Amino acid sequence: MAKEKEPFQVKLSKDEVFEIKNRLMGFYENLETIQDYFLERKKEKIVGIDHEKWVDNMFDDYTIEPKDMSFEVEIIDGKLFNPSTQIVTSLPLESQIGRQLMLGVKETNTNKYVGFIRMASPVLAIKPRNEFFGVKVNAKQVNRHMINGAIIVPVQPFGYNYLGGKLLSLICCSHEVRKMLKDKYGDKIETCFMETTSLYGDIKGMSQYDGLKPFVRYQAMTESDLFLFPTEEIFSPIRSRIRELYGKEEWNGNIVDPKPSGPKMREFNKVISIIKNHLKNYDEEEYTKFHQFTKTNMKAKTKKRYYYSNYGFDNVKEHITSEGEEPLKEGQNYHKHNLSYMFDWWKKKAQKRYEKLKKENRLRDKIEIYTEDSINNKEFDMVR
């Protein structure tokens, strides 16, 4: 017998719920473009980071040519990954739950990082993946066989000068990274399918994953809502007040169970739902206005390019959908997913890029990091 749903209890006064509604709406009404949103979210993420400390570890010798470079890929912890990545990526970096592998990529001549990678648990359902497999892949198959290139970010201008984003993308679909995942998680996983999406989709007309066949291939466009979360300055007092009134003891005071995936989005949606319920109780007209506002101003429709890698196996579809009964078969591209082959492939492309920029006097040599000043002065493109 299904558990009977508890009736909603109004716990906020009319004045308080209107004040919360107005604060939220004011934040979104002040955003003129999607870039303004990323700018505001990014500023709060870099507060308190000792930029000089982390910049010292980053690649900065742009006299070295790609043909003379060598690299090592190392597992790093969050204490290094989070601040380092936060100041070099335009994305407001968020925490993730589930399995993950954080990697730093070093250029060994200089012993400095050229980029950072976070491999993480994929979402359980995504349309382009199901189209690729011809069936809806179940959670067990996703968790056992698939990994997501969640964060793949080069230090700039290493990315610009040397096609650094493509180098990191290749590393994600290498046999060496498959082994790292296996070593960390053992028999729980058997990675044979890597997927990722372009960072900003149709907001930006190109992706670092383009031009990487046969290693990485484009499948289709995703269509989804990009939720625009308010800054902590706006949302933190609202969240605290709602938790105070509606938090569950079994969830340590949270209003949603923090264990399943997407707790931040689920909590945000729960807060909005609670505000709507109060408005419906106090003022039906204001409820209708706010309900429409949440649909049009608190999210943006976006399309992202979906890419995948089969690590050079010929039959990942059959292997995954058969729950492993169909053994994996190495294809003609299997050996190309060794890092040594990938590095050689990248060097040829990067060398041409480097020489062209040098000839045209377009090489960049100033490290690009996000600070409050660089964001306010719009020194770098927030969607790049």
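The values are calculated or read from the model by the stated rules, or taken from the named source; none is laboratory data. Note that the structure is predicted; figures quoted are calculated from it, not measured. So basically every Cβ, Gly included, is an ideal-geometry build from the backbone, and we count neighbours across all protein chains shown.
Restricting LYS14, LYS45 to those that are surrounded by 14 or more Cβ atoms within 10 Å (Cβ to Cβ) and touching a Leu at 6+ places or on another chain (Cβ under 8 Å) reduces the list to LYS45. As for the stretch 141-159, it holds at least one residue that is in a helix (DSSP H, G or I), more than 14 Å from the chain's Cα centre (by Cα) and either surrounded by 23 or more Cβ atoms within 10 Å (Cβ to Cβ) or among the hydroxyl-bearing types (Ser, Thr, Tyr) (or both).
It is to be established whether one or more residues within the stretch 36-59 are assigned to a helix (DSSP H, G or I) and more than 27 Å from ASP373 (Cβ to Cβ). Checked the stretch 36-59: no residue is assigned to a helix (DSSP H, G or I) and more than 27 Å from ASP373 (Cβ to Cβ).
Screening the stretch 215-249 for residues that are out of contact with any His (no Cβ under 9 Å at 6 or more places or on another chain) and within 18 Å of GLY312 (Cα to Cα) and picking the one that is surrounded by the fewest Cβ atoms within 10 Å (Cβ to Cβ) gives ARG217.
Could you please let me know if ILE75 is among the hydrophobic types (A, V, I, L, M, F, W, C), buried (at least 19 other Cβ atoms within 10 Å of the Cβ) and in contact (Cβ under 8 Å) with a residue 24 or more places away in the chain? So ILE75 fails the test. Taken over the stretch 105-135, the criterion of being farther than 19 Å from GLU318 by Cα, assigned to a loop (DSSP other than H, G, I, E, B) and in contact with a helix residue (DSSP H, G or I) (Cβ under 9 Å, 6 or more places away or on another chain) is satisfied by ASN109, SER121, PRO122, VAL123. When TYR287, TYR246, TYR209 are checked against the criterion of being out of contact with any Gly (no Cβ under 6 Å at 6 or more places or on another chain) and within 30 Å of LEU170 (Cα to Cα), a single residue qualifies: TYR209. VAL135 falls short on exactly one of the conditions (1) farther than 22 Å from ARG362 by Cα; (2) among the hydrophobic types (A, V, I, L, M, F, W, C); (3) in contact with a Ser or Thr (Cβ under 8 Å, 6 or more places away or on another chain); (4) buried (at least 18 other Cβ atoms within 10 Å of the Cβ), and that condition is (4). Taken over the stretch 61-104, the criterion of being assigned to a helix (DSSP H, G or I) and polar (S, T, N, Q) is satisfied by ASN82, SER84, THR85, GLN86. Which of the residues belonging to the stretch 258-281 are at pLDDT 85 or above and either in contact with a Cys (Cβ under 8 Å, 6 or more places away or on another chain) or more than 17 Å from SER236 (Cα to Cα) (or both)? Correct list: LYS276, ASN277, HIS278, LEU279, LYS280, ASN281. Taking GLU32 as the residue in question, decide whether it is assigned to a loop (DSSP other than H, G, I, E, B) and either buried (at least 16 other Cβ atoms within 10 Å of the Cβ) or of a type outside the set (A, V, I, L, M, F, W, C) (or both). For GLU32, the condition - assigned to a loop (DSSP other than H, G, I, E, B) and either buried (at least 16 other Cβ atoms within 10 Å of the Cβ) or of a type outside the set (A, V, I, L, M, F, W, C) (or both) - is met. Filtered by the rule that a residue be surrounded by 13 or more Cβ atoms within 10 Å (Cβ to Cβ), modelled with pLDDT under 85 and assigned to a loop (DSSP other than H, G, I, E, B), the stretch 342-384 gives GLU379, PHE380, MET382, VAL383, ARG384.
Out of all the residues in the stretch 94-111, which are touching a Ser or Thr at 6+ places or on another chain (Cβ under 6 Å) and surrounded by 15 or more Cβ atoms within 10 Å (Cβ to Cβ)? ARG99 - this is the single residue of the stretch 94-111 that is touching a Ser or Thr at 6+ places or on another chain (Cβ under 6 Å) and surrounded by 15 or more Cβ atoms within 10 Å (Cβ to Cβ). Within the set GLY201, GLY205, GLY164, the sole residue that is over 22 Å from ILE320 (Cβ atoms), over 16 Å from the mean Cα position of the chain (by Cα) and at pLDDT below 95 turns out to be GLY205.
For the stretch 325-341, a residue qualifies if it is in contact with a helix residue (DSSP H, G or I) (Cβ under 7 Å, 6 or more places away or on another chain), without any contact (Cβ under 8 Å) to a residue 24 or more places away in the chain and either of a type in the set (A, V, I, L, M, F, W, C) or in a helix (DSSP H, G or I) (or both), and the qualifying residues are HIS335, TYR341.
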